[in-house]
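Right, one structure below, let's go through it.
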Amino acid sequence: MTALEHHALRYELDDPLAYKWTDAAYDMCVGEDPVLSAVVESSGGVTRVVVSGACPRCRGDISGEEILTAAGESGVLGDDATGTPDPYTRVHVTCNCELTHSNRPAGVSTGCGITFALEVLRDDLA
């Protein structure tokens with residue numbers, strides 16, 4: 001993954017969930033040198049999505065994970081689908097870069113203020 005130059009933008013307060021961030025994130029995940037990735041990992045009964053790369057707005061480094069399913073004594077948590085499951089899952093990602101963004105609200109220590117969505121292929125459902 002190629003690192004991108006950070007954009008020192010003001011913290012987004014007007015439209016933090018705008019679809020344009022999801023659209024930009026998709027473009028950043030494809031091509032010969034993607035700068036954003038979402039990988040599904042399964043191990044020990046736990047399936048998670050690991051996101052890493054550049055924020056689609058500020059280009060700062062972001063990372064995170066979302067647990068999709070976890071096997072426990074009562075069954076599989078997070079697997080509430082009936083019938084044939086959709087092989088794609090939508091995860092929401094919030095910028096958590098550690099770079100400076102003016103206008104960041106008090107008590108918020110990371111990010112540029114946006115949240116975007118990524119759809120990932122769940123090969124663990126096959």
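The values are calculated or read from the model by the stated rules, or taken from the named source; none is laboratory data. Since the structure is predicted, the reported quantities are computational estimates derived from the model, not experimental observations. Neighbour counts run over all protein chains shown; Cβ positions are idealised from the backbone, glycine included. For accessibility, only protein heavy atoms count, side chains too; no ligands or nucleic acids. Shrake-Rupley method; radii C 1.70, N 1.55, O 1.52, S 1.80 Å.
Sort out which residues of the range 29-68 are exposed (fewer than 12 other Cβ atoms within 10 Å of the Cβ), outside any strand (DSSP E or B) and among the β-branched types (Val, Ile, Thr), and write them in order of number.
Hit for the range 29-68 is VAL30, nothing else.
Against the condition more than 14 Å from the chain's Cα centre (by Cα), within 19 Å of GLY111 (Cβ to Cβ) and without any contact (Cβ under 8 Å) to a residue 40 or more places away in the chain, how does ASP15 come out, does it pass?
In short, yes.
May I ask you to verify whether SER102 is over 18 Å from SER42 (Cα atoms) and modelled with pLDDT under 85?
no
Restricting the search to the range 1-25, which residues are within 18 Å of GLU119 (Cβ to Cβ), out of contact with any Pro (no Cβ under 9 Å at 6 or more places or on another chain) and open to solvent by 40 Å² or more (accessible area, probe 1.4 Å)? Spell out how you get there, then give the answer.
Let us first name the residues in the range 1-25 that are within 18 Å of GLU119 (Cβ to Cβ), namely 17-25.
Filter once more, keeping what is out of contact with any Pro (no Cβ under 9 Å at 6 or more places or on another chain): 17-19.
LEU17, TYR19 - these are the residues of the range 1-25 that are within 18 Å of GLU119 (Cβ to Cβ), out of contact with any Pro (no Cβ under 9 Å at 6 or more places or on another chain) and open to solvent by 40 Å² or more (accessible area, probe 1.4 Å).
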